[in-house]
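K.L.:
Please read through the structure below; I'll follow up with questions.
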C-alpha cells in the first residue's frame, strides 16, 4: 500500500510569482490580500494592508480576534470549497478562498479589509463576536471612517478572480511534480531492469567455483526472498535499491577475480553486502564502520574481509534472536594498518577457537572451518604480505567475537610474496 504524497504550497508554486500576482491584484482592486498555507502560515507578504487592521492587530484582544476570524473563515472555505465572504470581528468585509488540488487543501487566499453598503453589510454573517470596543480606542474610529466603501459585487468578483488564478497555478505545479515523479519512477524501473539483465549475464558468464571468496548460496536465496517480501511491503524504490546492491555485489565478484583492491573498494563491496543483510534481518542488526581515512588507499587482496564479515553475521548474529551489532574498525600506526571485525553475537565454542588459532601453524591444512574458509582468508593474506601480516582471534560464548588483522600500509597494488 503506497502513501499518498502530501503537497505543500511552497513546493508546487513559485512564491515570487504568486507574490507578484497578489501585489498586482491588490493594486487593481484596492483590496488587501495575503496567501497562507494549510497550517495558516503566510507564504506571501501582505499586499495593501490597511492602517485600521494594522492598529487592531497591535492590540492583544484585537489580534486574537483577527486570528480567530481567519481560522473560522478558513474552515468554512474548505468545507464549501468556494470563496467565503463574511464580516470579521471588527465588522469589515473579508473573503477567504481555498486552494484545493486533487481534493487536497493546500492553503487559502485571504482578501478584503473593506466596507460595503450598510444595507448589504447588515445581511452578511459575523464570523465571531467583536473582541474590542472601538469607543475605547478613539484612533480606531478615525481609521475606520477612512476605510473605502466598495460594492459587494466587486468584492465577490475580485475574490473569485484570485481564487481561479491561484488554484490554476497550484494545479499546474502539482501536475509538474507528479510528472517528475512518474519520470523518476520510470528511470528507476529502467535501471532495475538493466541491473537484472547485468546480473543474469554475469551469472551466465561465470561459474561460482571461480570466485576466490565463494558467496554462500543460502545468502543468495535469502536475498531474493528479501527482495520479494520488500516488493510486497512497499513501492519499487526499496526493491530497486536491494537489486542494485546485489548486482554490484556479484559484478564485483565476477569481474575482479585475481585482482587486488584498495581498502575503500573492499569496504564498498562489504557495504553492499551489509545493506542486503540489514534488509533481510530488518532491525535486528546495527552496523558501524569506523575506518580512518588514512587507511582507505591501502591495497589488499580482493574479497578477504567480506568472508570474515559474513561469518560474524551468519554464525554470530543471525542465530541470535535479538540480533546485535557488527563493527569494522581500521587505524594506521607506524605505517601498519590495524583492522578489527567485532560482533556481540553468540560467540565461538572454545574448542573451535583453538582449531582456528591452530591455523597459524605453517603445517595446518584446515581452510574451511566456518563454511566460507576463514583459513583460506588468512593464508591468502599471508601469501600477499608474507611475515608482515599478523592476525588473532578472541571469542567468548554469549559475548561475541573479535578478529584482529595487521598488515603493511602500501597503496600500490600488491602481489604474492
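Readers should treat all values here as calculations from the given coordinates under stated rules, not as data from a laboratory. Since the structure is predicted, the reported quantities are computational estimates derived from the model, not experimental observations. Counting neighbours? That spans all protein chains shown, and the Cβs are built from the backbone with ideal geometry, glycine included.
K.L.:
Using just the alpha carbons, could you tell me how many Å³ per residue the convex hull of region 9-179 encloses? Let's see the in-between values first.
P.N.:
Details: hull volume 17.5 nm³, N = 171.
Convex hull volume per residue, Cα atoms: 102 Å³.
K.L.:
Give me the distance between the Cα centres of region 28-49 and region 267-282, rounded to whole Å.
P.N.:
Using only Cα atoms to place each centre, the spacing works out to 50 Å.
K.L.:
Hey, another quick one. Let's test the formula: R0 of 22 Å, r as the Cβ-Cβ distance of residue 161 and residue 64. What FRET efficiency results, to the nearest 0.05?
P.N.:
Numbers: r = 31 Å, r/R0 = 1.41.
For residue 161 and residue 64, the calculated efficiency is 0.10.
K.L.:
Using r as the Cβ-Cβ distance of residue 102 and residue 41, and R0 as 22 Å, what FRET efficiency do you calculate, to the nearest 0.05?
P.N.:
With a Förster radius of 22 Å, E is 0.55.
K.L.:
Send over the Kirkwood Rh of region 64-126, from the inverse of the averaged 1/r over different Cα pairs, rounded to one decimal Å. Let's see the in-between values first.
P.N.:
Values: mean 1/r = 0.0834 Å⁻¹.
One decimal place: 12.0 Å for the Kirkwood radius.
K.L.:
Gain in length, residue 135 to residue 79, computed as 0.36 nm per residue apart minus the alpha-carbon separation, to one decimal in nm?
P.N.:
On the way: separation 56, 0.36 × 56 = 20.16 nm, distance 3.55 nm.
Contour length minus the Cα-Cα distance gives 16.6 nm.
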